[in-house]
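The structure appears right after this line, and notes come after that.
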2 protein chains.
Amino acid sequence: MPLDHEHPIDAARVADARAQVLERDDAERVAAMLRLLADPVRARIVSALHAVGELCVGDLSLVLDVSDSTVSHALRLLRTAGVVANRRDGRVIYYRLADPAMPAVLEVIARGGDASAGSG
Amino acid sequence: MPLDHEHPIDAARVADARAQVLERDDAERVAAMLRLLADPVRARIVSALHAVGELCVGDLSLVLDVSDSTVSHALRLLRTAGVVANRRDGRVIYYRLADPAMPAVLEVIARGGDASAGSG
DNA sequence: CGCACATCTTCACAGACGTGCAGATGTACA
DNA sequence: TGTACATCTGCACGTCTGTGAAGATGTGCG
């Protein structure tokens, strides 16, 4: 049970934290975004697109060595969320990144918390 | 079905991507880290600790308005992963951030992809 | 010791998630 | 039109995950 809502151990700090903490709705949005990257296949898709600009589904499936069905499922989530965009060239559909925040997140994690200096 | 592994549409780009893409193991690690933040409660815990430095479990439960059991469960995951550390003061246990990458990730997402300018 | 308080843990379960399969859609070309 | 190819979608299933309930652990105090 949450404590009585009446007995914070450090009331000032609690008030301070309450004022600055990510709000419920924002946290939900942030978590939803991060959930997209919290899967190895999707993270690697973002990584691959970040590396070479754009790739079609079949080539992506070759790069990652996973089934095209899996790639397609993953791309659908990313596309719906606005993380990637696509263009069609004949029967081939090329995907590219549409949200610079995603590769940035991967870099921050990979580099261990240093968020300064961009793509090296 | 995956293509034949023999018919990339852009072989050069595939080779290029293969060389630069996040490897399977690394992707697994990155995804595991991000999964920790891909939950509203844990994201808010990181946010709160980032805001005020340290908080005990009970106060955290007040700040977030969730049960202390939920906070404790969440903290265990974060602690096991090295995201937070704690110190004991009597019966009260204070938690603080131990991995600067996590709040950095939250900021990158919140700011929409601008990864420059670090913490503070 | 016994009691109160803060935190942790075990168990159980509903809900979300990732993936393969099979078929559908859409495009190109003859 | 029919075939071949690239991609997408719906369904089903095993697995993972977050949470609450209830009790356990650990600490301080008298």
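A simple charge model with +1 on the Cβ of Lys and Arg, -1 on the Cβ of Asp and Glu and nothing else charged puts the dipole of the protein assembly as shown at about 100 debye relative to its Cα centre.
Note the distances from B:Gly112 to each other copy's matching label point, with points 7 Å along the Cα-to-beta-carbon direction, in nm, sorted shortest first. Reported distances to equivalent positions: 3.3 nm. Label separation (B:Gln20 vs A:Arg29): 3.0 nm, computed from points 7 Å beyond Cα along the C-beta direction. Please work out the Cα center distance from the stretch A:55-105 to the stretch B:52-87, rounded to the nearest Å. First find each Cα centre; the distance between them is then 36 Å. Summary for B:Gln20: label point 7 Å along Cα→Cβ; distances to the equivalent points in the other copies, ascending, 3.7 nm. Scanning chain A for DSSP H helices at least 27 Å long along the axis (C-alpha atoms) with a Kyte-Doolittle mean no lower than 1.0 picks out nothing.
Chain B has one residue whose beta-carbon comes closest to the axis relating it to chain A; that residue and its distance in whole Å are B:Ala38, 2.
For B:Arg111 and A:Ala85, what does the FRET efficiency come to when R0 = 22 Å and r is the distance between their Cβ atoms, rounded to the nearest 0.05?
It comes out at approximately 0.60.
Distances, shortest first, from the label point of B:Ala85 to those at the same position in the other copies read 4.4 nm; the point lies 7 Å along Cα to C-beta. Taking amide H as placed 1.01 Å from N in the peptide plane, B:Ile9 has its amide H under 5 Å from the amide H of A:Asp59, each at least 5 places away in sequence or on another chain.
Amide H contacts of B:Leu55: B:Tyr95, each under 5 Å away and 5 or more positions distant or on a separate chain (H built 1.01 Å from N in the peptide plane; Pro and chain starts excluded).
Computed from the coordinates by the stated procedures, all read-outs in this text should not be read as laboratory data. The structure presented is a predicted model; accordingly, all values stated were derived computationally and were not measured. Here the Cβ is made from the backbone with ideal geometry for all residues, glycine too, and neighbour counts use every protein chain on show.
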